[in-house]
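Encoded as structure tokens, the structure appears first; notes follow it.
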Amino acid sequence: MFTLLGGLSLFLGAERYLNPPQYILPDLHGKTPRQAVEAVRGMGLRVEFVEGSDQSQPKETILEQSPEAGSIVKPGRRLELVLNRPKLGSVPTLVGRPLEDAQRALEAAGYVVGPISRVFAEATAGTVLASLPAPGTELRQGAAVRLLVSTGTRPPLDTILPDLTGLTLEEAQYLLNIAELKPQVFQVASGAPEGQVLAQQPDPGTLMNKNAVVRLTVATQPNVSLPQNSPFAPPPRPEPTPQPQPAPQLGVRNVPLSITLPSNQEGAQVRLTVDDANPPTRVLYEGPFPPGGLIEVAGGVPVQGNATFRLYVNGELYQEWTNP
């Protein structure tokens with residue numbers, strides 16, 4: 001009996017050796033290493049992992065497999081799996097390079113050239129003066145790098161104002177420092193991201209003396225609380241002129257508007273809005289302190305229903321009144 005069982009086992013072993021089982025390889029793309037190993041467990045494959053990098057795919061997932069999904073494999077076959085481990089590159093050193101050379105260096109490092117700002121400088125025209133982000137900063141592949149480039153020398157007191165809108169305040173101050181200009185920051189309530197430059201004065205490309213002041217309007221989150229110990233005297237409340245009897249609630253009427261701000265606040269950033277029965281909020285004035293401190297709407301403000309006027313100074317609510 002034992003001799004018979006031994007012979008049968010030997011026969012089955014020889015049969016398995018001469019005719020090993022075959023398996024259809026599953027699709028392992030997107031799986032984690034554990035999931036991939038579990039999916040081929042029992043096939044007797046030699047699983048090997050190699051590293052790959054794809055910023056668009058999740059980390060620690062399978063990017064490629066060899067053999068491909070659907071292949072017929074036998075035990076002992078090598079299965080290579082490419083595991084996604086994206087690597088951040090770093091911005092190369094571009095300062096002092098000609099622009100074309102800097103562009104090639106960025107492309108070789110896996111980046112693209114972003115907006116290029118130009119200023120007068122002692123460096124030869126076309127020479128890179130700075131980059132944003134700065135050299136050595138870790139950055140994902142394919143990201144844009146902004147460059148500041150010299151236009152060559154001009155009379156020693158002249159420089160060109162770069163375009164700063166859309167940058168963060170920190171980035172704008174950095175570029176102004178390179179251009180030897182001084183920032184003057186005014187915050188205004190806005191739906192834009194906190195700290196984003198909304199406007200600049202003078203306009204981009206303006207020829208300026210070095211150390212001249214550049215006015216930056218920067219976004220801040222709205223603040224509806226009335227500032228404590230406000231140094232301003234309350235502005236005159238608009239006096240509506242006699243109007244014909246409006247239709248109930250939905251009648252459209254013009255509200256005369258004339259506001260004079262205190263002269264000691266010259267240089268402040270001002271914003272005037274109105275809310276009525278017809279949304280959204282309308283901005284009647286937004287900008288620097290007006291000439292003579294006077295904000296006046298010719299012909300009056302057309303409103304519908306109750307109208308609430310709000311006056312902001314340097315981003316803070318200064319005055320609010322309702323015209324029923």
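For the list (1) under 21 Å from Val185 (Cβ atoms); (2) out of contact with any strand residue (DSSP E or B) (no Cβ under 9 Å at 6 or more places or on another chain); (3) assigned to a strand (DSSP E or B), I need the number of the one condition that Ala298 fails. Among (1) under 21 Å from Val185 (Cβ atoms); (2) out of contact with any strand residue (DSSP E or B) (no Cβ under 9 Å at 6 or more places or on another chain); (3) assigned to a strand (DSSP E or B), Ala298 violates only (1). The set of residues in the range 281-292 that are of a type in the set (Gly, Ala, Ser) and at pLDDT below 80 contains only Gly292. Among the criteria (1) modelled with pLDDT under 80; (2) open to solvent by 70 Å² or more (accessible area, probe 1.4 Å); (3) not in a strand (DSSP E or B), the one Pro235 does not fulfil is (2). Of all the numbered requirements in (1) open to solvent by less than 100 Å² (accessible area, probe 1.4 Å); (2) at pLDDT 90 or above; (3) outside any loop (DSSP other than H, G, I, E, B), Ala14 misses one, and that requirement is (2).
Annotation: of all residues in the range 155-178 being in a loop (DSSP other than H, G, I, E, B) and in contact with a Lys or Arg (Cβ under 8 Å, 6 or more places away or on another chain), the one that is nearest to Ala123 (Cα to Cα) is Pro156.
For Val128, indicate whether it is touching a residue at least 60 places away in the same chain (Cβ under 8 Å) and farther than 23 Å from Leu88 by Cα.
Values: touching a residue at least 60 places away in the same chain (Cβ under 8 Å): no; farther than 23 Å from Leu88 by Cα: yes.
Here the answer is no, as Val128 does not meet what is asked.
Residues of the range 257-295 that are open to solvent by 40 Å² or more (accessible area, probe 1.4 Å), of a type outside the set (Gly, Ala, Ser) and in a strand (DSSP E or B): Thr260, Arg271, Asp275, Arg282, Val283, Leu284, Tyr285, Glu286, Pro288, Leu294. Scanning the range 57-71 for residues that are within 16 Å of Asn84 (Cα to Cα) and open to solvent by less than 90 Å² (accessible area, probe 1.4 Å) yields Gln57, Pro58, Glu60, Thr61, Ile62, Leu63, Gln65, Ser66. Just so you know, in the range 162-192 the residues that are in contact (Cβ under 8 Å) with a residue 60 or more places away in the chain and of a type in the set (A, V, I, L, M) include one that is surrounded by the most Cβ atoms within 10 Å (Cβ to Cβ), and it is Ala179. When the test is whether a residue is under 22 Å from the mean Cα position of the chain (by Cα), open to solvent by 40 Å² or more (accessible area, probe 1.4 Å) and within 24 Å of Ala172 (Cβ to Cβ), Gly96 does not pass it.
Only one entry in Thr206, Thr241 is open to solvent by 20 Å² or more (accessible area, probe 1.4 Å) and modelled with pLDDT of 85 or more, namely Thr206.
The values are calculated or read from the model by the stated rules, or taken from the named source; none is laboratory data. Predicted model, so just to flag it, every value in this text is computed and none were measured. Positions of Cβ are backbone-derived with ideal geometry, glycine not excepted, and every protein chain shown enters the neighbour counts. The area values use the complete protein model at the heavy-atom level, side chains included, leaving out ligands, DNA and RNA. Shrake-Rupley method; radii C 1.70, N 1.55, O 1.52, S 1.80 Å.
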